[in-house]
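Shown next, in structure tokens, is the structure this report addresses.
The values are calculated or read from the model by the stated rules, or taken from the named source; none is laboratory data. Please read these numbers as outputs of a predicted model, since none were measured by experiment. Heads up, the Cβs are rebuilt from the backbone with ideal geometry, glycines too, and the neighbour counts pull from every protein chain shown. Surface areas here come from the heavy atoms of the whole protein model, side chains and all, with no ligands, DNA or RNA. Shrake-Rupley method; radii C 1.70, N 1.55, O 1.52, S 1.80 Å.
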Amino acid sequence: DMLEGEGDEDAKDSNNMRNLFGRWTDKRYSVWKFENYDLPESTFTLLITEPVLSPGFLIGVVAVGICVLSLTLVLISEWDNTSPENRFGVPAGVSKEVQVVQYLSVVIGVLMETEVPLGLEIIGKEIEQYQLGRRPFNRGRVFFSCALRLVVGYMFLFSLWLVVVQESTVLDIFMDMLALEFVENVDDIIYELCKRGFFGKNLRIVTNQNYSYEPPGTEEKDKSGRMARFSVWCRRTIRIIYYMNMAAMLAMLLYVNLTQNVGNYRCKSLSVTFGDEVWEGALVMHDGMDPEDRLLIYSHFNGIYVEGGRINGRPSYIEMNKEDGDPFQRKDPGPAEIMYCEDIEAWVFRHSRIRTMVNVNVKENNTEEKEKVENECNWLLRSPSTDDFDIISVAEMGGWSVWKGVVGVNYPITVTCNECSSRADCNYHGECVDEKCVCDDDLNFFGVYCELAKPCQQIRSEMDPNTILTLAADPNDDTSEFVEVYNRPLYYAHMSGIPFGLMGGKDKDLQKYADVLGRRSLSGENLTYDDDDFFDIHLREEAFVNLMKNYTFVLGYTGQRWYGQIKPWIPLGDQSSDRFKEEEYHAFWAKTFTGLEKDDNATLIISDPTSSETPVGVDFYELRRRNSVFAEGEYDYDYGPFGVLVPLVGYEGVGLFHCIRNGDNGGG
């Protein structure tokens, strides 16, 4: 009995719930039955209600045309920012604040957009009227007007999404979003002006009329409530599409943010070219040793830099070796890096071993003391303040500062991307494979972009045709088959004695070098050359005299200039394992030129700054009076960082070296 009582109570409660729900749905259906649906006050409505070619219809066409044209131009403008490798023109990166605003803008934009839901709603009402057997308006024009609404609405949403993902500042996103909303609402603005009589009496009368769909009422056809259910279904469908628009835009934005954070839209391999600026007195730190003063030539750090992680939310780029762009094998002194310094909100170039310490006066307890301080992030070069994630665009803006004991301004720096997307990026001399140019097998071109022509096998000196330098071969290199340093070929010649064919001066000046090794007595006679400290200093040492009997003259690139150096004999041309290791060579750390020390000044000649693929046709100079540490006598050695540069050719542009063609023995 108790169980039967409980069952009756459950059934009673269920009936009560059904009655309550029924009364609620009946009330909703009854309201629906007697609701008028007013067409929106918009020029889209004029396309439904006004006769074709009437002023009202034409003003509707004009308004829609303005909206579609404006949004089309926006899309074209945004699409111009795209590329095959970056289909939506997404910037290299954005801050967390911008990412939050991106999501917020999508939500606000979808909420502000009204054309899509209105178009769907009017289509639903027209179908409802059709099922009731009514035809208050021309059905084809209704669908035409609604289709235009949907076109404008989705053009707005797509334009909004492109603007959101392409902009990189908060203010730009909000301003662009408001501008798009204004463009989409042009039709409503024109309608309001017509309603106020700005475009004539006829249009004022037309736009002040109300047009609506009659309610279903108590039609016999809807006794089953089928039409009421259809109306509810239409509303639900519109809401689903409305939310799907928002969900789709948010999902695509999330995908862009995730791929953006892992660096899909920025270049990960760069070629960096610094200017010819120098810092005399750079402080170089060594483990367990006193700091060393050095001449820092910034172009010695030219070359390939590869993304190596993130610092302060932005990518950092690490210097690679000077041959093929792979990491240096040795860990000391380590590579330079380009990173974003949060303290000064700027991109900086730095090296952990090169310090920027300066003495500043600090007052403490009414006494003034000197204190050593360093630049923020120990920068050597810095960009203007920026929040840009793209180092390439930051370099293009210019305005960089350079540290040379004091701050220098307007320092030139060039940064280009090493990644390719087509054969055109490889100058049609190679194929793009995995975003890297692979030059054609004929080996007529080499370089990051296959942009450099194959060098001559031999070159001769303008000073002496019998002085011939040979291209250093590297048969183990599949890409070029010759030794590369700073992405340029290396030339050499095994020599003995003073290299007259590579030196300047008149015959009478050079005569004093004749038979110098035979006449010089290490125990007695002391020869001096008051105009040339290189031989004056070095010929006083037995080791150098012995070196001059058998050495290798090496002509190599150092980032912006070609250096000709006297080196101990190097087995270039051999295939032995101890041959020249170009991948570990670095012009700064190898002390190619310092102007301060004795043993590291092997450089005899130096070229003009150039980006030429070979030394052929480039003007050269002989270096003199550059060892300031040995400044004695009548000369105070108050010269530039390279000392005195003596031109080796009579006219600018003649070039010191020339290519030896087939059949030319170099003697004529």
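Quick notes on this one:
- Scanning the range 177-218 for residues that are assigned to a helix (DSSP H, G or I), open to solvent by 50 Å² or more (accessible area, probe 1.4 Å) and touching a Lys or Arg at 6+ places or on another chain (Cβ under 7 Å) yields a count of 2.
- Qualifying residue in the range 448-470 (condition: in contact (Cβ under 8 Å) with a residue 40 or more places away in the chain, over 30 Å from Phe620 (Cα atoms) and of a type in the set (Asp, Glu)): no
- Where strands (runs of 3 or more DSSP E) fall entirely within the range 381-478, those with at least 1 residues that are within 30 Å of Phe500 (Cβ to Cβ) are at 458-461, 468-471.
- The range 59-95, residues that are without any contact (Cβ under 8 Å) to a residue 12 or more places away in the chain and either part of a loop (DSSP other than H, G, I, E, B) or open to solvent by less than 80 Å² (accessible area, probe 1.4 Å) (or both): Gly65, Ser77, Asp80, Thr82, Arg87
- Every residue from the range 485-502 that is over 14 Å from Asn466 (Cα atoms) and open to solvent by less than 10 Å² (accessible area, probe 1.4 Å): Val485, Pro489, Leu490, Tyr491
- Within the range 262-312, the set of residues being open to solvent by less than 40 Å² (accessible area, probe 1.4 Å) and of a type in the set (Gly, Ala, Ser) comprises Gly263, Ser269, Ser271, Gly275, Gly281, Ala282, Ser299, Gly303, Gly309.
- Selection from the range 632-660 of residues that are more than 14 Å from Glu280 (Cβ to Cβ) and modelled with pLDDT under 80: Glu632, Gly633, Glu634, Tyr635, Asp636, Val644
- Candidate set from the range 123-176 (those that are part of a loop (DSSP other than H, G, I, E, B) and either in contact with an Asp or Glu (Cβ under 8 Å, 6 or more places away or on another chain) or without any contact (Cβ under 8 Å) to a residue 12 or more places away in the chain (or both)); member that is most open to solvent (accessible area, probe 1.4 Å): Arg135
- Matching strands (runs of 3 or more DSSP E) fully within the range 231-334 where at least 2 residues are more than 21 Å from Arg488 (Cβ to Cβ): 278-284, 292-297, 303-311, 314-319
- Residue in the range 115-137 that is polar (S, T, N, Q) and modelled with pLDDT under 90 present: yes
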